[in-house]
Amino acid sequence: MSWTSNNGIVLRDLVPHALRRQWVREGHCPDLDVYAAFSRQVRARPCRIAVSDELGSLDYTDLDREVRRIATALRAAGLGQRDIIGIQLPNGRKAVAAELAVAALGGVSLPYPYSRGARDSASLLGRARAAALITLPRPDLPTLCPVFVFGPAPDGCVSLDHARIPVGPWLPAVIDPDGPARILVTSGTEAEPKMIAYSHNAFLGGRARYVRSLHTGEGPMRNLVLAPLSSSYGSLGVPVTLAALGGTLITQPGFDPADALRLITEQRPTHLFAVPTMLRRLVSQPRQSTEDTSSLRAVVSSSAAFPPSLLPECRKRLADNVITVYGSADGVNCHTARTGISPATGTGLPDPAVAHLQIRSPGGRLLPRGEEGEIIALGPMTPLCYVADPGLDAAYRLDGWVRTGDLGQLDRNGCLHVSGRLKQIVNRGGLNISPAEVEQHLGAHPDIAEVACVPVPDPELGERLAACLVQHPGTEPLTLAALAGYLERERGLERRKLPEVLLSLTELPLGPTGKVCRHTLSALAADRPAPPPPRQPLGEPARR
């Protein structure tokens, strides 16, 4: 299958069409487009709250009215099927309605975090050849495509505030469910953000199955999503929580830990979706006498490794059921729900109806259980392709399979254990060090609240490992020697893997999606005084 936008962007499905159809026949995908699925929810539960934000709540009927109002304005401006439309809005009803309006037109949405600056915005819109952008008034709006805003329209922009609700029935576009629905944008914490195209069936099938499996008990899901809805992790919001599952989406415009605890008390969510850094800041908040988290059936963490020391704090403050999700925008998913595995291990049991996982050698050979290699994935949630980047398709797609760039192994029970990122391996004088492994050990230190390990350039060794950390309030400042002693004596870490640079911070810098920004940390750590000469012999040349 191949799809071409009105501006010439070609999106090819790299999964064989026969396999896509097989997943539909097996019931893994509904063979619907996102707006058709949402319309079913509107008819089935018109008075259920669809979205709750800082302005109040909208039920499914009122949300659909807003969706059709926006879609009518976009259609009147000449936008429709085969248009890619950027969306840069904070979490809330406007972002939700805009994404569904693009789906109703038959267009492809390109949401990206509101915190991204003008340069990133222009890059994403330009590479995708977007036909328009929906955003809020701001001084640095791009000029390479028509801009629609909520609120007063700056010169050259069109305000959506005055668009009228259409008279008569809305006639949605006829859409191929295997065609593109939304483009996911990676966090860009390691390199320039990648764009990955996903189909309607991938969201309503594979991704919806993963989110549904997190739910236990009766009643609909009420999901408090603290990650940006425009992020890969946050894409479980509009197409999944609403269109596929008919649940309620609870949001805040930007992450605020104290306000998030208030929302849990007042809005009574069943599930909390956040990244580990957000959870750490939540549990560090002073407890209020009115705080009530008893509605939470699960706390779901994704987008970064889960520190072992955070688990008891989340269970004590938020919910006993803590689930970690291994996933990425590139198309992989695995989680710890209902496996009996500790969330602190970062493992899970793969679901082939979401994504079947294999472990391959650098040469592409399938590895047996127990051997470490690159994790690859293929299943109903597998994306179509990378956007405007055939080089990435050639490098990371193998006969439809997605190369994740992550290291891991499957144990004898079929459970996945993730070791780290291939690209995040630090090459110290020919010895490979996994920052993720060292982070996992440092995360167990009782005085450390947050930690990230990054490479810093070194003229003699090529790279050294830097430990960047935030300590719990009231603890004695840690030294590099104290960390080394802890890692060697209490954690059994090999001496060659010990950090050689220490960067202590009041908080770790976050990127637009809420993930720790390793670019920034590497730059900060590189400004530290140069470490002493090597304290251990160099090794053999690194083997990648």
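Does S295 count as of a type in the set (S, T, Y), under 25 Å from D53 (Cβ atoms) and at pLDDT below 95?
no
Conditions first: (1) surrounded by 15 or more Cβ atoms within 10 Å (Cβ to Cβ); (2) of a type outside the set (A, V, I, L, M, F, W, C); (3) out of contact with any Asp or Glu (no Cβ under 9 Å at 6 or more places or on another chain). H445 passes all but one, so which condition is the exception?
(3)
State all residues of the stretch 425-450 that are of a type in the set (A, V, I, L, M, F, W, C), within 21 Å of G405 (Cα to Cα) and assigned to a helix (DSSP H, G or I); if no residue qualifies, say none.
Within the stretch 425-450, A436, V438 meet the criteria.
Can you tell me how many residues within the stretch 274-293 are in a strand (DSSP E or B) and over 24 Å from the mean Cα position of the chain (by Cα)?
Residues in the stretch 274-293 being in a strand (DSSP E or B) and over 24 Å from the mean Cα position of the chain (by Cα): 0 in total.
Counting only residues that are in contact with a Phe, Trp or Tyr (Cβ under 7 Å, 6 or more places away or on another chain) and part of a helix (DSSP H, G or I), which one in the stretch 316-344 is modelled with the highest pLDDT?
In this case the residue turns out to be P343.
So that you can scan it fast, the table gives a plain yes or no per residue for (1) acidic (D, E); (2) under 28 Å from I448 (Cβ atoms); (3) surrounded by 17 or more Cβ atoms within 10 Å (Cβ to Cβ); (4) within 19 Å of the chain's Cα centre (by Cα):
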| position | (1), (2), (3), (4) |
| --- | --- |
| P350 | no, no, yes, yes |
| V354 | no, no, yes, yes |
| R365 | no, no, no, no |
| E372 | yes, yes, no, no |
| I376 | no, no, yes, yes |
| D389 | yes, no, no, no |
| L398 | no, no, no, no |
| T404 | no, yes, yes, yes |
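Working only within the stretch 454-485, note down all residues that are under 28 Å from P286 (Cα atoms) and under 31 Å from the mean Cα position of the chain (by Cα).
Across the stretch 454-485, the qualifying residues are A467, C468, L469, V470, Q471, H472, P473.
Scan P276, P228 and give me the residue that is modelled with pLDDT of 95 or more and either buried (at least 24 other Cβ atoms within 10 Å of the Cβ) or not β-branched (V, I, T) (or both).
Of P276, P228, the one residue that is modelled with pLDDT of 95 or more and either buried (at least 24 other Cβ atoms within 10 Å of the Cβ) or not β-branched (V, I, T) (or both) is P228.
Here are some conditions: (1) closer than 30 Å to D120 by Cβ; (2) touching a strand residue (DSSP E or B) at 6+ places or on another chain (Cβ under 8 Å). Q471 meets all but one. Which one does it not meet?
Only one criterion is unmet by Q471, namely (1).
Find the strands (runs of 3 or more DSSP E) located wholly in the stretch 88-185 whose residues include 3 or more that are outside the structural domain of L74 (by TED's automatic domain parsing) and either surrounded by fewer than 17 Cβ atoms within 10 Å (Cβ to Cβ) or at pLDDT below 95 (or both), and list them.
No strands (runs of 3 or more DSSP E) qualify here.
Can you tell me which residue among V456, V451, V501, V470 is at pLDDT 90 or above and touching a Gly at 6+ places or on another chain (Cβ under 7 Å)?
Going through V456, V451, V501, V470 in turn, the sole match is V451.
Here is a list of conditions, (1) closer than 22 Å to S309 by Cβ; (2) part of a strand (DSSP E or B); (3) in contact (Cβ under 8 Å) with a residue 60 or more places away in the chain, and C453 meets all of them except one; can you say which number that is?
Result: C453 passes all but (3).
Kindly indicate whether any position in the stretch 20-34 is more than 30 Å from L226 (Cβ to Cβ) and of a type in the set (A, V, I, L, M). Can you show your working first?
First, pick out the residues of the stretch 20-34 that are more than 30 Å from L226 (Cβ to Cβ): 20-27, 31.
Going one step further and asking which of them are of a type in the set (A, V, I, L, M), we end up with 24.
There is at least one residue in the stretch 20-34 that is more than 30 Å from L226 (Cβ to Cβ) and of a type in the set (A, V, I, L, M).
Collect the residues in the stretch 186-217 that are farther than 22 Å from G348 by Cα, in a helix (DSSP H, G or I) and in contact with a Gly (Cβ under 8 Å, 6 or more places away or on another chain), keeping them in residue-number order.
Scanning the stretch 186-217 gives a single hit, H200.
Out of (1) in contact with a Ser or Thr (Cβ under 8 Å, 6 or more places away or on another chain); (2) touching a residue at least 12 places away in the same chain (Cβ under 8 Å); (3) surrounded by fewer than 17 Cβ atoms within 10 Å (Cβ to Cβ), what's the single condition that is false for D64?
Only one criterion is unmet by D64, namely (3).
If I go through the stretch 516-544 residue by residue, how many of them are of a type outside the set (S, T, N, Q) and modelled with pLDDT of 80 or more?
10
Determine if the stretch 308-315 includes at least one residue that is touching a strand residue (DSSP E or B) at 6+ places or on another chain (Cβ under 9 Å), not small (G, A, S) and not in a helix (DSSP H, G or I).
So the first thing to find is which residues in the stretch 308-315 are touching a strand residue (DSSP E or B) at 6+ places or on another chain (Cβ under 9 Å), and the list is 309-311, 314-315.
From what's left, not small (G, A, S): 310-311, 314-315.
After this cut, where a residue has to be not in a helix (DSSP H, G or I) as well, the list is none.
Within the stretch 308-315 (the criterion being touching a strand residue (DSSP E or B) at 6+ places or on another chain (Cβ under 9 Å), not small (G, A, S) and not in a helix (DSSP H, G or I)), the answer is no, since none of the residues qualifies.
So, T404, is that one outside the structural domain of H519 (by TED's automatic domain parsing), part of a strand (DSSP E or B) and among the hydroxyl-bearing types (S, T, Y) or not?
Spelling it out, T404 is indeed outside the structural domain of H519 (by TED's automatic domain parsing), part of a strand (DSSP E or B) and among the hydroxyl-bearing types (S, T, Y).
For the stretch 1-55, give me each residue that is acidic (D, E), surrounded by 19 or more Cβ atoms within 10 Å (Cβ to Cβ) and closer than 30 Å to A260 by Cα.
D53 - this is the single residue of the stretch 1-55 that is acidic (D, E), surrounded by 19 or more Cβ atoms within 10 Å (Cβ to Cβ) and closer than 30 Å to A260 by Cα.
Name the residue that is nearest to L249 (Cα to Cα), counting only residues in the stretch 20-34 that are part of a helix (DSSP H, G or I) and among the aliphatic types (A, V, I, L, M).
Once the filter is applied, the top-ranked residue is V34.
From the list E494, E476, E460, E490, pick out the single residue that is out of contact with any strand residue (DSSP E or B) (no Cβ under 8 Å at 6 or more places or on another chain), over 22 Å from P308 (Cα atoms), surrounded by fewer than 20 Cβ atoms within 10 Å (Cβ to Cβ) and of a type in the set (D, E, K, R).
Answer to the selection: E460.
Results for (1) among the hydroxyl-bearing types (S, T, Y); (2) in contact (Cβ under 8 Å) with a residue 24 or more places away in the chain; (3) in the same structural domain as A132 (by TED's automatic domain parsing); (4) under 17 Å from A244 (Cα atoms), shown as yes or no for each residue.
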site	(1), (2), (3), (4)
N6	no, yes, yes, no
V10	no, no, yes, no
L14	no, yes, yes, no
L19	no, yes, yes, no
W23	no, yes, yes, yes
D31	no, yes, yes, yes
V42	no, no, yes, yes
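Which residues, taken from the stretch 41-73, are over 25 Å from the mean Cα position of the chain (by Cα) and β-branched (V, I, T)?
Residues satisfying the conditions are V42, T61, I70, T72.
Would you confirm whether any residue within the stretch 35-52 is closer than 22 Å to C157 by Cα and in a loop (DSSP other than H, G, I, E, B)?
For the stretch 35-52, residues closer than 22 Å to C157 by Cα and in a loop (DSSP other than H, G, I, E, B): absent.
The values are calculated or read from the model by the stated rules, or taken from the named source; none is laboratory data. All values derive from a computational prediction rather than experimental measurement. Don't worry about glycine lacking a Cβ; one is built from the backbone with ideal geometry, like all the others, and counts go over all protein chains shown.
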